[in-house]
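Remarks on the structure that follows.
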Amino acid sequence: MVRFSTELDRPAASSLPNVGDFGGSRESPGRKHADGPGLSVITSNESSTFLGEGTVISPPDITSPPGAGETPKRAGSFPLSPKTRSRGWSLRRNMFNRNMDDASQAARGSIPFDAITNSDKTSGSDKKRDHIVTVSPRIEEFEIDDSQASFKKGKGLQGLSALPEYDSWVRERARHNAYLRRIRAGYHKLRKIILRIQEIPPSVDGRYIELDASRKKALTDERTGRFYIGNTIRSTRYTLWSFLPRQLFAQFSKLANFYFLCISILQMIPNLSTTGTYTTIIPLLFFVALSMGKEGYDDFRRYKLDKTENNRDADVLHAYQPVEASEVHSQGASNPVAPIHWAKKKWHDLQVGDIVKLDRDDPAPADLVLLHSDGPNNIAYIETMALDGETNLKGKQATTEVAKRCDSLERIAACRAEFVVEDPNLDLYNFEGRVLIAGEAAPLTNNEIIYRGSVLRNTPQAIGMVIYTGEECKIRMNANKNPRIKAPALQSIVNKVVIVIAVFVVLLAIFNTVAYQIWSADKEQKSWYLQSAKVAFFPILASFIVMFNTLLPLSLYVSLEIVKVAQMFLMNDVDMYDPVSNTPFEARTSTINEELGQISYIFSDKTGTLTDNSMKFRKLSVAGTAWIHDLDLRDDKGKKKLIHKKRNKGKKPMKKGRVSEADTRKSGLSAFNADRLVEDEAMEDSQWRSSTRPKQSQQELKTEHMIRYIQVKPHTIFARKARLFLLSIAICHTCLPERKEDGSMEFQASSPDELALVKAAQELGFLLINRDAGTMTLKYTPSPDGIDDGLTETFQILDVIEFSSKRKRMSITVRFPDGRICLFCKGADSVVMQRLRHARLANEKVVEIEKRANKRKSLEAHIAMARKSEQIERQNSFSMAGAGRASVSLSRPSIGGLTMGRPSTSARLPSIRDELDGWLRERENDVEVSQTLNNSAYYSPRASAQLSRASMSMSMSELRNSMQWEDYEDLVDEALAVDEPAVIERTFQHINDFATDGLRTLLYGYRFIDDEDYASWHKIYLDATTSLVGRQDKIEKAGELIEQELELAGATAIEDKLQQGVPESIDKLRRANIKLWMLTGDKRETAINIGHSCRLIKDYSTVVVLDHEAGEVEQNIAAALLSLNGGGIAHMVVVIDGQTLAMVEAGNVRNLFYDLAILADSVVCCRASPSQKAGLVKTIRKRVKKSITLAIGDGANDIAMIQEAHVGIGITGKEGLQAARTSDYSIAQFRFLTKLLLVHGRWNYIRTCKYTVGTFWKESLFYLTQALYQRWNGYTGTSLYESWSLSMFNTLFTSLPVIFIGVFEKDLLPSTLLAVPELYTKGQRNGGFNFKIYLGWIFMAASEAMVVFFVMLSIYGDALFTLDNSLFAMGDMTFTACVIIISTKMQLLEMHNKSIVAAISIFLEVGGWFLWNMILAKIYTNNVIYFVRDAFFSRFGRNPLWWLTLILILSAVVIFEIAVASLRAGLWPTDVDTFQALEQDLEIRKRFEEAAATELQQGWDRGKKKSSMEIARDEAEQEAREGQVQEMLDNRPEQLEDQVKPGMRRGTSFGSTRDVPGQGVPRRSTDIERMLHRGFGSVRREHES
């Protein structure tokens, strides 16, 4: 359930003093209700399985506290339930209970859940296990299978007894890993010795820092004996000393670079190389230097950013001589004895002990202990969003004694306090220290510490003393100090291929060397002209290695850098541009472009990444009627959304008669047969849509109508209740108003929730205009007649009982202008509900609401599991086949009809379209059981009318949108406003529905108090606030006394506004088989709320909460693993907090936890420090083999995980640009991640794979001909090719084809990839480049090399009568054939989106090769071995046989390529083949565009082409004109018929053509001809033009 505060268990009514029942009588604290919801549900020997979802388990603490004399005893709890979003008496809410020890297992009465049954089952095993289970309500309409688990009351699951073999497995693994651990420990020890790394020992009793403003000398760190480190921070990866060695290691860790280094060494040995001495080492050094320079430049940019931050100014207090406190008191604060002033100091010059001043909105330059604040009660409000992601401001307050002695600059300079703080550490959420002042000690906690990265808000000024500097600050301790050098995962596969090629080169060289030795013994020694020409074994072997080394070309990496840089620029997509912030997509690296197409895990921050850092008041419920507040959405009115790409009108199809829209929809082809333009969602009726249920229509009335009703009928019961409720919203808060220069009001609030509430009260007519220590002034809405400007009233603030994480509520007592005293209370509905006057009735109604919600969610879970099973089992349809692999394929007859153009194509297309449309809709729409009809009774204005008139709910939208009301009687049912049971039921039903919509709910109550009762209570409260011992506890107990017998005022729902398109993006990423983890520093309940809102957690999800305070973490992990492995869970999400994660990491269940996390659908980690975020990313990166991780965030607390992940994405959001500056890529909105991954990421992966495998293929094709030729030259190493041409093969003649396919290839359209995210899994499976694909391409290269060589040799080389069949002529033919084949295959056969780029590539490469031949024939001089001079013009160039042989070679290879490709597509079609065929149909393309319209909208808005709607509008206008002509002809007098017909036969009455508006060419009048043919004769064909 989505709540404003915690999801705590509602305390039992019996535990609350003075809680009245429905009749108004009070009960004693010890009294127990026989049927109240505060009683226990315990089953003995119980087992229950919910709709095949495995064991349905929930916490047992739906219990009342133990009675007098009872000892609290925790029952075994399982926070594992598929009904995790139960409303009201929420089962999931119990998982947040931090007081679980108060629960009792003693026998008590049962909650009246009529669906709970007891059964005694045993498992199939002979060994029985004892368990305790609290069973959720069973829905009677569904059959429950309870055969999968057996639980008995008693011992419960102890530790990991659920997995009895786990302990032995852990011990066995630890024994095997002991040797490795010793080796690892020895390595680290040796490394520390070599690098002279010395660990800093801990201090004896912390760090002692004396408060002294006159200090001139820096303090000494007792741990090192040196000064404390400076305040300089460094986020660069390298220093001047480490850059060269680290980069050399990184560059030559690439096996290809190391391979070329070895080859270059061989080449530089004299008399070994046949291809030159420096032809490898020089380009290798150039390429390595280029890569190193690129890394150095990126690091230099980070250095400049660090320098900018280190050089910021800070104000430091300087006192030029010691000032004693006695002197200050004697001379007065206004006459100091020493000059004191604020000096400017650079951040990097700050030292431990400096006293620093922070003005409003200033960031903290270091970790500070607070000395003084100008805020109320010496409180400084701090924003820690950059550290933990929380948007709520935190109140920091100096200790009482420090605040008293540091209330002025003079007293600060005179104060001699001594602060003792802990050693620097990573923990952001705990702090230990003390302050010694005047002989007294006071503790220091997080409440007195301001960490670096925090920002002072809503406070004029604060003063603090530096306690940690530079890299010892908490935020820097959590940073990744030595970020790894990122390399693409594809490089590991390439490295393996490099090893294979290197081994093949060596084997090929050895084979040729041995063959030479055999040939030499047989031929060379017998040939007189070869005497003394024998070459030794090693030189000939080395020469062959050098000759064949280019099977792995150096250009592979050089050209790959060019390809990736070009890809980086092509990713600047207008669809990833944010016009609001004027922020485009920015790529800061090109090294890992292809990894964007292989992501399998996304680790996302919450605040600023998924959310928009803003709260919006959205709904309210008052007097049993729900209202929606959507004034902020009115600005979107008028925006139109295209659902199809703009196109030229093209040729108009022949009309086949008019088809109604109803008939079109009935046929199921509305997505294909209708081109339409839809307005944005906010335009339909200018109202809000739920992010969790976007298709669910909103049933609430609008708040503007409510205000109008109150103004028109101010004296009705509803109007009085509504005004009191709005008054409670305007009063019950701690916000401070500020009047701006333009006269408008601005509010300073400690939390965005309160700010949203106060602004909503202002919009609804209750404006807070002033607030001081004791009064609050409100200005009301003007009267309906508009005579005055509104009424102003002042309320006296008596007491404020502030919100706390334990109370989960706040209260305020005020005195009305008429003298009455009223208490207003707001908080979590589970807490405030127990303090209502009708608490018992409310509990009963909530139980009924829970049953209805559980029924719906159970059905949804059942449908989700059934759908998952159908998707796995379905074969001949668009279905998912196999785990982790998206096999989206049509049956083969469909593919054949689409691709081969058979006669059945037109007949098959409609069925294919229907099948595709159904397949897409099944995946686009999540499981959702509509509850509109069931809950409509709780939303109609008049409950009595609903019972007698079912049509009332159908008129809701008309009533809601009507702006002219003559009769207000049907708007609000005044009889309902006085019916307390109905109001309570409807209010809690509204709260349930608000929470289901992903909103954070608050419940309001009020109570008028007599002066006498207030005076007696106020004395107790005053004693509590002034107590020196246990002040907070006493204040909470005093609040409990007065927060009773409340009247229900109403409920509010606040939207933690998500960024636009976040839920839709998460849905598509999930369909792409990408798991999303949310890692946040925010509170658990807030994280779960956002998880529901963004659809990370579904309504039917099983949420497993691991909480070390609740205990039984091991038990819950084991139970969850068993449930997952049993296949009975539809969707599971694991929730863990930072402290529990730290315990898990240090315990023996670490591996078990990560097994659960990997198997679960998602993980939410709350209260996580930056180092814990990075640790999770690192663990998954190393633990899940072949997985590519992506981390995305917008704050400084996300930098560590961004650097640790394979791919780091920075959001240029409201938390600043820290994350964006250190990321690999930056975007402005989370929704842009969808297109970045699914389109550009996949394209880059496919491009890089095709470039890589294409490069290997062309090298094998070319150089295997060289190897084949060795048999005909005695294996002497003679080259078939002329040396100058050979050296230019990769650079000039074959580089563009592979580069262009690596830059411009688009195997599928963007709309297809976005509409079918399942296609993304190709990169996750390494489906673009692997050993299987590599071997297939090498097979083709070897086959084609033999075709090229042997056709050349047999037809041209062995020809008897020819002009020139010398070595150069044969080599030049082979060379020419290879150049043309490479260009043809890469640009025409392999590239799917052929364009002018392919023609340019072929022209440049083939034309350049022939130009090279011409130039070489004219300038060649060394005409000894190769007869090059004038050969192309005078000898083989004039030989027809040479050209005929070349044509035969090219024809044979192209036919072979086409035959193999056709055979593969026919026998083993891939998903890409299927959708490439589907894209050929215009209507299917439109269906894909419809599904991808959100992501492609900005690109479609540009350009001059017409949208589908505009084309349809033109056609409709033309059809209307033709209809008018038809009507005129139908209504003409009969005597004109004979006159018209002859004219028509002569073709003179109507021209053969006529202009159509919107078209540039005249259109034939064939439609009018058909109309005339029906009744007035036909037009003669010979007159048509």
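The values are calculated or read from the model by the stated rules, or taken from the named source; none is laboratory data. Predicted, not measured: the structure shown is a model, and the values here were computed from it. As a convention, Cβ positions derive from the backbone with ideal geometry for all residues, glycine included, and neighbour counts pool all protein chains shown. Each accessible area value is taken on the protein alone, full model and side chains, heavy atoms only, with ligands, DNA and RNA left out. Shrake-Rupley method; radii C 1.70, N 1.55, O 1.52, S 1.80 Å.
Observations on the model:
- Yes/no for E390 being part of a loop (DSSP other than H, G, I, E, B), of a type in the set (D, E, K, R) and either open to solvent by less than 50 Å² (accessible area, probe 1.4 Å) or at pLDDT below 80 (or both): yes
- Any chance R1007 is outside any helix (DSSP H, G or I) and either basic (K, R) or modelled with pLDDT of 90 or more (or both): yes
- Residues that are among the aromatic types (F, W, Y) and under 30 Å from F511 (Cβ atoms) do not occur anywhere in region 1298-1313.
- Qualifying residue in region 598-607 (condition: part of a strand (DSSP E or B), in contact with a Leu (Cβ under 9 Å, 6 or more places away or on another chain), at pLDDT 85 or above and within 30 Å of S728 (Cβ to Cβ)): no
- Residue that is surrounded by the fewest Cβ atoms within 10 Å (Cβ to Cβ) [pool: residues in region 227-244 that are over 34 Å from the mean Cα position of the chain (by Cα), among the aliphatic types (A, V, I, L, M) and in a loop (DSSP other than H, G, I, E, B)]: L240
- Test: residue in region 581-591 that is in contact with a Gly (Cβ under 8 Å, 6 or more places away or on another chain), in contact (Cβ under 8 Å) with a residue 40 or more places away in the chain, under 25 Å from L1292 (Cα atoms) and surrounded by 19 or more Cβ atoms within 10 Å (Cβ to Cβ): no
- Pair list, Cβ < 9 Å and 6+ apart or interchain, from region 1143-1165 residues that are at positive phi to residues that are surrounded by fewer than 16 Cβ atoms within 10 Å (Cβ to Cβ): none
- Residue match in region 575-586 (condition: modelled with pLDDT under 90 and farther than 24 Å from T1494 by Cα): no
- Residue count for region 1074-1094 under the criterion of being of a type outside the set (D, E, K, R), open to solvent by 10 Å² or more (accessible area, probe 1.4 Å) and part of a helix (DSSP H, G or I): the result is 0.
- Strands (runs of 3 or more DSSP E) wholly inside region 403-464 that include at least 1 residues being out of contact with any helix residue (DSSP H, G or I) (no Cβ under 8 Å at 6 or more places or on another chain) and closer than 24 Å to E222 by Cα: 418-421, 433-437, 440-444
- Taken together, the residues in region 1314-1367 that are over 46 Å from the mean Cα position of the chain (by Cα), assigned to a helix (DSSP H, G or I) and hydrophobic (A, V, I, L, M, F, W, C) amount to 11.
- Look at (1) of a type in the set (F, W, Y); (2) surrounded by 17 or more Cβ atoms within 10 Å (Cβ to Cβ); (3) within 15 Å of M1288 (Cβ to Cβ) and you find that F1410 fails only one, number (2).
- Meets criteria (at pLDDT 80 or above, among the β-branched types (V, I, T) and closer than 30 Å to I340 by Cα) for I209: yes
- Of the criteria (1) under 40 Å from the mean Cα position of the chain (by Cα); (2) at pLDDT 90 or above, which one Q687 fails: (2)
- Meets criteria (at pLDDT 70 or above and either among the charged types (D, E, K, R) or in contact with a Pro (Cβ under 8 Å, 6 or more places away or on another chain) (or both)) for A338: no
One line per residue, one yes/no per condition, for (1) open to solvent by less than 20 Å² (accessible area, probe 1.4 Å); (2) more than 22 Å from R1000 (Cβ to Cβ); (3) in contact with an Asp or Glu (Cβ under 6 Å, 6 or more places away or on another chain):
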position: S805; (1), (2), (3): no, no, no
position: R815; (1), (2), (3): no, yes, no
position: F824; (1), (2), (3): yes, no, no
position: D829; (1), (2), (3): yes, no, no
position: R837; (1), (2), (3): no, yes, yes
position: E844; (1), (2), (3): no, yes, no
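- Matching residues, region 1006-1058, being of a type in the set (S, T, Y) and in contact with a helix residue (DSSP H, G or I) (Cβ under 7 Å, 6 or more places away or on another chain): Y1006, Y1021, T1025, S1027, T1052
- On the stretch given as region 1104-1119, residues that are in contact with a Lys or Arg (Cβ under 9 Å, 6 or more places away or on another chain) and surrounded by fewer than 24 Cβ atoms within 10 Å (Cβ to Cβ) total 5.
- Look at (1) open to solvent by 30 Å² or more (accessible area, probe 1.4 Å); (2) part of a helix (DSSP H, G or I); (3) under 19 Å from N613 (Cβ atoms) and you find that L1124 fails only one, number (3).
- Annotation: D1473 fulfils all but one of (1) of a type in the set (D, E, K, R); (2) over 30 Å from V1347 (Cα atoms); (3) at pLDDT 75 or above; the unmet one is (2).
- Any hit, region 570-584, residues being closer than 30 Å to L1238 by Cα and part of a strand (DSSP E or B): yes
- Some residue of region 1487-1498 being open to solvent by 20 Å² or more (accessible area, probe 1.4 Å), more than 30 Å from K1332 (Cβ to Cβ) and charged (D, E, K, R): yes
- Residues considered: A1417, A1398, A1431. Of these, the only one that is open to solvent by less than 30 Å² (accessible area, probe 1.4 Å) and without any contact (Cβ under 8 Å) to a residue 24 or more places away in the chain is A1417.
Matching residues to (1) more than 26 Å from T277 (Cα to Cα); (2) crowded, with 16+ Cβ neighbours inside 10 Å:
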{"residue": "L444", "(1), (2)": "yes, yes"}
{"residue": "A479", "(1), (2)": "yes, yes"}
{"residue": "V498", "(1), (2)": "no, yes"}
{"residue": "K523", "(1), (2)": "yes, no"}
{"residue": "F537", "(1), (2)": "no, no"}
{"residue": "I540", "(1), (2)": "no, yes"}
{"residue": "S543", "(1), (2)": "no, yes"}
{"residue": "F548", "(1), (2)": "no, yes"}
{"residue": "L554", "(1), (2)": "no, yes"}
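Results for (1) touching a residue at least 60 places away in the same chain (Cβ under 8 Å); (2) not in a helix (DSSP H, G or I), shown as yes or no for each residue.
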site	(1), (2)
I710	no, no
T734	yes, yes
E738	no, yes
E741	no, yes
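- Restricting I1136, I1117, I1129, I1097 to those that are assigned to a strand (DSSP E or B), in contact (Cβ under 8 Å) with a residue 24 or more places away in the chain and of a type outside the set (D, E, K, R) reduces the list to I1136.
- Taking (1) out of contact with any strand residue (DSSP E or B) (no Cβ under 7 Å at 6 or more places or on another chain); (2) touching a residue at least 24 places away in the same chain (Cβ under 8 Å); (3) β-branched (V, I, T) in turn, T1474 satisfies each apart from (1).
- Residues satisfying the stated conditions in region 1139-1161, i.e. in a helix (DSSP H, G or I), more than 15 Å from S1101 (Cβ to Cβ) and open to solvent by 10 Å² or more (accessible area, probe 1.4 Å): Q1139, A1142, M1143, E1145, A1146, R1150, N1151, D1155, I1158
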